[in-house]
Amino acid sequence: MKVPLNQDTMMKCICPGCPTFQKNELTDGTYCAMGVSEKKPEMKGCNCLSCPLYAEYNLSGAYFCIHGAAD
């Protein structure tokens, strides 16, 4: 299910606590809604599976910051 980009999803997002996360000027996370990070992060571990948005939107996959937004 597609994750909407809104204040509710941004508040639930746990991207900033992820070992792969790299802050940039455009976003503090919510890659499952926004897609790939422009910083091209290295895989250092993934918190996607433990994010409340993952369960709420019945997501599959991981590393949305590298692989792109959830469908």
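Before moving on, here are some points about what is shown:
- Among the residues here, residue 33 qualifies as under 16 Å from residue 1 (Cβ atoms) and in contact with a Lys or Arg (Cβ under 9 Å, 6 or more places away or on another chain).
- Among the residues of the range 25-35, those that are more than 9 Å from the chain's Cα centre (by Cα) and not aliphatic (A, V, I, L, M) comprise 25, 27, 28.
- Of all residues in the range 47-56 being over 8 Å from the mean Cα position of the chain (by Cα) and crowded, with 20+ Cβ neighbours inside 10 Å, the one that is nearest to residue 67 (Cα to Cα): 54
- Residue 71 being modelled with pLDDT of 95 or more, of a type in the set (Asp, Glu) and out of contact with any helix residue (DSSP H, G or I) (no Cβ under 8 Å at 6 or more places or on another chain): no
- Cross-chain or 6+ apart pairs with Cβ under 7 Å, the range 8-21 first and under 14 Å from residue 57 (Cα atoms) and free of Cβ contacts under 8 Å to residues at least 24 places away in the same chain, then of a type in the set (S, T, N, Q) and part of a loop (DSSP other than H, G, I, E, B): 10/30
- Taking (1) under 12 Å from the mean Cα position of the chain (by Cα); (2) at negative phi in turn, residue 38 satisfies each apart from (1).
The values are calculated or read from the model by the stated rules, or taken from the named source; none is laboratory data. A quick note: this is a predicted structure, and the numbers were derived from the prediction, not measured. Counting neighbours? That spans all protein chains shown, and the Cβs are built from the backbone with ideal geometry, glycine included.
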